[in-house]
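The values are calculated or read from the model by the stated rules, or taken from the named source; none is laboratory data. The model shown is predicted, which means the values in this text are computed figures rather than measured ones. In this analysis, Cβ positions are derived from the backbone assuming ideal geometry, glycine residues included, and neighbour counts consider all displayed protein chains. Calculation scope for accessible area: heavy atoms of the full protein, side chains included, ligands and nucleic acids excluded. Shrake-Rupley method; radii C 1.70, N 1.55, O 1.52, S 1.80 Å.
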Amino acid sequence: MTGNTRPPRAPWLARWTTRRWLRVGAAVSLAVLAVLGTAGAWVLARTETISNDLVDVRSPALTAAIRLESALLNQETGIRGYGATGTPAFKTPYTEGLAEEKTRTAQLAGLLQGDKARLADLKAVQDAVQRWQERIARPIAAAPPGAPSPLATERAAEGKSAFDDVRAALGEQQERLRADRVAARDDLMSVTALRNGVFGAIAVLIVVLTAFVFEGLRRGINRPLEQLAADARAITDGDFGHPISPTGPADLRRLSGEIDSMRRRLVRELAFTEEARQRLDAQAAELQRSNAELEQFAYVASHDLQEPLRKVSSFTQLLQRRYGGQLDTRADQYIEFAVDGANRMQTLINDLLDFSRVGRMHNTHQSVDLEKVFERTVSALSIGIEEAGATITHDPLPTLVADPTQMGMLWQNLIGNAVKFRRPDRAPAIHVTAERDGGLWRFSVTDNGIGIAPEYAEKVFVIFQRLHTKDSFTGSGIGLAMCKKIVEFHGGTIAVDTEYREGTRIGFTLAPEPPESPVRPVLPEAEGPVRPAPPEAESPVRPAPPEAEGPGAEQTRRPRS
């Protein structure tokens, strides 16, 4: 049945992974090298054994046998001369020969220790020498000097026969020792040739194994990886439909299959992403058009509000001046409410326009000396500072790349708030700090005023958020919101230090060079057509904007104690 059919299994070698191939190859190589190493070690040990036997035993033994023969010949010559003449001087070679014989016999016994055949030869020599010495050498040597020994003449034939036996035993011993040395030398040459062959085979095998390993790596790893890299480059160049062919060991084929699966998924994701991007582009274009229309509408509407607002303010001020005191007290109060509302509405519109211009109209970044900007700000606020008796100090301020107008608005709002929200029982003391913190400049403005409760630390930066009535503190509630917008436009952050309890401390950061931001279109400054004033309208005095109060500064201050 088709439901029970299984895909054909790959040959068993094709199921081997790279690790298994490497393990098997390393095991086989190590086994072969171990066998050859064992053979080489045996050959080296055998070579050393034969060489030591040849150098330390066979050659010294032959030399000692030859010197033993020389010592015995000296004995025979001395005894023969002493027996024939009776001259004591002939006994000297005999005496020296005895000592030499003893030394060489002991040397041969030590060298041939464990070699029964060669020790038997040495025993035969010693027996022959013993017989000659007992029958000939010692009796003649014991004869008195001065006259030939009759024993020498009497045993001349026997002495010759006995020493011939000694010579024969020495000859057989030396012949066998020479044969042993030749055999040892031949063995050494054979083992040396075997050693050279074994190590040559090891060298050849190492070369073959090395070539085999490199060829196996090339065929089993390098070639599949090169094929995989070529397929990946084709995909990187944009041919996302190019398939990845699995080759090589099982794990590399699995890797190729997984990468190909990832390629197919990426193709699907790219198709989906491209479709989503097109939709987002369409939505972004629509949103940009809508935002531009909204900005234009807000700008024009706020400007168009100025003219009717000026009329309301003008006529209410005319009513106040012309009819003030002529009507009842309630009418005067209503007129005062109307004048105050018109003035506050005009101030709110102006502040709202300034808030909307941040980042839109004021976007001329240049090198700004904050020291000079701070001095100009303090000078502009000098009347309020003198009336409050405020003391303002500051650390050395840096030079940054920023918008000079916005920096002036920032200092004006922060210093103005610190002066305005003071305690009634003490003169304001304001201090500005500046320090470098990595890639940013960190500033703080600290005062000894009424402070900001921690629960309002975030709300003070929201536009139009007020916690005080207009009778307590004047202002529109835009100042700190404008400060936040300026700081964020310059790539920094601003916050209230909730740990500071002696007043208010506002910290903010500025980047030495602000991040790039898209330049928004600058809307025209035209305020629309100016409508003529009513015939009886006197030129009302437009209320001067209040001293820089810092947007929202009055919003969340603690109540005065």
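Among the candidates THR192, THR210, which residue alone is at pLDDT 80 or above, loosely packed, with under 14 Cβ neighbours inside 10 Å and of a type in the set (S, T, N, Q)?
Values: THR192 fails: loosely packed, with under 14 Cβ neighbours inside 10 Å.
Exactly one residue qualifies, and that residue is THR210.
Residues are listed down the side, and each one gets a yes or a no for (1) open to solvent by 60 Å² or more (accessible area, probe 1.4 Å); (2) among the hydrophobic types (A, V, I, L, M, F, W, C):
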residue	(1), (2)
PRO60	no, no
GLN75	no, no
ARG80	yes, no
PHE90	yes, yes
PRO93	no, no
GLU101	no, no
LEU108	no, yes
LEU112	no, yes
Quiz item: What are the residue pairs meeting all of these: first residue in segment 206-223, first residue within 21 Å of THR17 (Cβ to Cβ), second residue among the aromatic types (Phe, Trp, Tyr) and in a helix (DSSP H, G or I), Cβ atoms under 8 Å, and 6 or more apart or on different chains?
Solution: GLY216/TRP21; GLY220/TRP21
Quiz prompt | Residue check for GLY83: in a helix (DSSP H, G or I), within 19 Å of SER149 (Cβ to Cβ) and touching a Pro at 6+ places or on another chain (Cβ under 8 Å) | solution = yes
Quiz item: So, of the residues in segment 387-421 that are more than 16 Å from GLY492 (Cβ to Cβ) and in contact with a Gly (Cβ under 6 Å, 6 or more places away or on another chain), which turns out to be surrounded by the most Cβ atoms within 10 Å (Cβ to Cβ)?
Solution: ASN417
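Here is a list: ARG185, ARG138. Which entry is assigned to a helix (DSSP H, G or I), surrounded by fewer than 17 Cβ atoms within 10 Å (Cβ to Cβ) and touching a residue at least 12 places away in the same chain (Cβ under 8 Å)? Don't jump to the end; show me each part of the working.
Numbers: ARG138 fails: touching a residue at least 12 places away in the same chain (Cβ under 8 Å).
One residue alone meets the criteria, ARG185.
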Exercise. Can you run down the residue pairs with Cβ atoms below 9 Å, 6 or more apart or on separate chains, where the first is in segment 189-202 and farther than 13 Å from THR38 by Cα and the partner is open to solvent by 70 Å² or more (accessible area, probe 1.4 Å) and of a type in the set (D, E, K, R)?
Key: VAL191/ARG46; LEU194/ARG46
Practice problem: Note down all Cβ pairs under 6 Å where the first residue falls in segment 247-272 and is polar (S, T, N, Q), the second is surrounded by 13 or more Cβ atoms within 10 Å (Cβ to Cβ), and they're at least six residues apart or on different chains. | Solution: THR247/PRO224; THR247/GLN227; SER256/LEU228; SER256/ILE244; SER256/PRO246
Quiz item: Within segment 65-76, is there a residue that is small (Gly, Ala, Ser), out of contact with any Asp or Glu (no Cβ under 7 Å at 6 or more places or on another chain) and closer than 18 Å to VAL208 by Cα?
Solution: no
Quiz prompt | Which listed residue, of ALA162, ALA156, is of a type in the set (Gly, Ala, Ser) and crowded, with 17+ Cβ neighbours inside 10 Å | solution = ALA162
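Is it the case, given these coordinates, that ALA157 is farther than 30 Å from VAL57 by Cβ and in contact (Cβ under 8 Å) with a residue 40 or more places away in the chain?
no
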Self-check item: Close pairs (6 angstrom Cβ cut-off, 6 or more residues apart or separate chains): farther than 13 Å from ARG135 by Cβ in segment 162-178, among the aliphatic types (A, V, I, L, M) and surrounded by fewer than 18 Cβ atoms within 10 Å (Cβ to Cβ) anywhere
Solution: ALA169/ALA124
Quiz prompt | First in segment 306-323 and closer than 10 Å to VAL339 by Cα and in a helix (DSSP H, G or I), second anywhere and among the β-branched types (Val, Ile, Thr) and open to solvent by less than 70 Å² (accessible area, probe 1.4 Å), Cβ under 7 Å, 6 or more apart | solution = SER313/VAL339; THR316/ILE335; THR316/VAL339; GLN317/VAL339; LEU319/ILE335; GLN320/ILE335; GLN320/VAL339
Quiz item: Since ALA128 meets every condition but one in (1) over 30 Å from THR85 (Cα atoms); (2) crowded, with 18+ Cβ neighbours inside 10 Å; (3) of a type in the set (A, V, I, L, M), which condition does it not meet?
Solution: (1)
Exercise. State all residues of segment 451-489 that are farther than 20 Å from GLN412 by Cβ, surrounded by 19 or more Cβ atoms within 10 Å (Cβ to Cβ) and either modelled with pLDDT of 80 or more or in contact with a Cys (Cβ under 6 Å, 6 or more places away or on another chain) (or both); if no residue qualifies, say none.
Key: GLY451
